[in-house]
Amino acid sequence: MNYRHIYHAGNFADCMKHALLVSLLHSFLRKPSAFMVLDTHAGIGRYDLQSEEAEKTGEWREGIGLLAEEAPSSPLAPWLALVRQAGGPRFYPGSPLLAACMLRAQDQLICCEKHPDDKRALYRLFAQTPNVSVHERDAYEALRALLPPKTARRGLILLDPPFEEPGEFSRLADALATIRARFANAVVALWYPIKHRTPVRAFQTAMAGTGQRNILVTELLMRPPHDPDRLNGSGLMVINPPYGFAENAQAILARLKTVLGAHDYETSMLVPE
Ligand SMILES: C[S@@+](CC[C@H](N)C(=O)[O-])C[C@H]1O[C@@H](n2cnc3c(N)ncnc32)[C@H](O)[C@@H]1O
């Protein structure tokens, strides 16, 4: 458990993931019925971008640091409004804080974080927040323990592992099988790094081979994915994407490409409905 997200908070990959996450959550707000969010790799929820750790890499400067001037009409605006509401851009909100900001009285957020220090920080952040629970537990074990949800028939599951150990891609494929067996209509968002194309292609082939229908791939490439030692891009695979999400994702990624000076982006159906 060496990975600390503070070194990477607010970087291009976070911007992509978080802008898309907010778009997904907006889709749930269209109906009054309750939904649950399960954030399996939650992190600490809020990151001080002026901390020594964040400044050490300065990754946020090539991400959220370039997005201060977005117009209210930008497809990034709904996410950036929440960033400001949560204390950003200096105190940059991670996935659980963004989700918590969007819950209504009937909705619920469950966060899992395996690192004890990070879990404590997250627990403190949400100590006074209703409808949010924080667990110190393994993400993959949590899927088996917590699904199907007791309080809602609709839900979003975000899996955002650090990819610090080998086998993360195949753990994600196994996780999808667990989710399908327990909560088949869940919207599932799986984050993955793009260093080199080969492992990403193998992952996509494995996911397509699970029998799961309705899989959307969204990717943002900062550079061509040739150097396997660099994070050249990132992807968010979305299973059961809500109506209209693919078009919104396209607009979000096109805008991120322009403002961040990215190389390319993609949204495509890996498996149709
Ligand atoms: C990429 S960070 C999460 C960032 C967060 N989702 C966000 O967008 O703000 C990954 C987190 O997963 C935690 N983690 C690593 N392995 C885990 C596991 N097996 N179960 C739960 N959490 C884990 C790490 O401690 C780290 O805080």
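Derivation of every value follows stated rules applied to the coordinates shown; laboratory data play no part. Just so it is clear, the structure is predicted and the values come from calculations on it, not from any experiment. Cβ coordinates were reconstructed from backbone atoms using ideal geometry, including for glycine residues, and neighbour counts include every protein chain displayed.
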- Item | Most positive-pole-ward Cα, Ser268, Pro93, Pro149, against dipole of the range 5-271 from beta carbon charges | Pro149
- Message: Kirkwood hydrodynamic radius, computed over distinct alpha-carbon pairs, for the range 15-65: how many Å, to one decimal?
- Response: 13.5
- What FRET efficiency comes out for the pair Asp174/Ala127, r = Cβ-Cβ distance, R0 = 22 Å, nearest 0.05? 0.10
- Message: Place a point 7 Å from Cα of Leu66 in the direction of its Cβ. Which residues in the range 235-270 have their backbone N less than 20 Å from it?
- Response: 235-236, 249-267
- Task: Report the relative contact order of the range 212-255, percent, no decimals, based on alpha-carbon pairs under 8 angstrom and at least 6 residues apart.
- Result: 43
- Task: Cross-chain or 8 or more residues apart, Cα under 20 Å: how many lysine pairs in the chain fit that? Count them up, please.
- Result: 4
- Message: Using Cα-Cα distances under 8 Å and only pairs 6 or more residues apart, what relative contact order does the chain have, in percent?
- Response: 21
- With charges set only on the Cβ (+1 for Lys and Arg, -1 for Asp and Glu), what does the dipole of the range 5-271 come to about its Cα centre, in debye to the nearest 20? 1000
- Show me 27-39, 193-205 ranked by packing, highest mean number of other Cβ atoms within 10 Å first. 27-39, 193-205
- Query: Using the Cα gyration tensor of the range 87-220, with a ≥ b ≥ c the square roots of its eigenvalues, what is the shape: rounded (a/c below 1.5), prolate (a/b larger than b/c) or oblate (neither)?
  - Reply: prolate
- Once both label points are put 7 Å beyond Cα along the C-beta direction, the Gln50-Asn185 separation in nm becomes 4.7
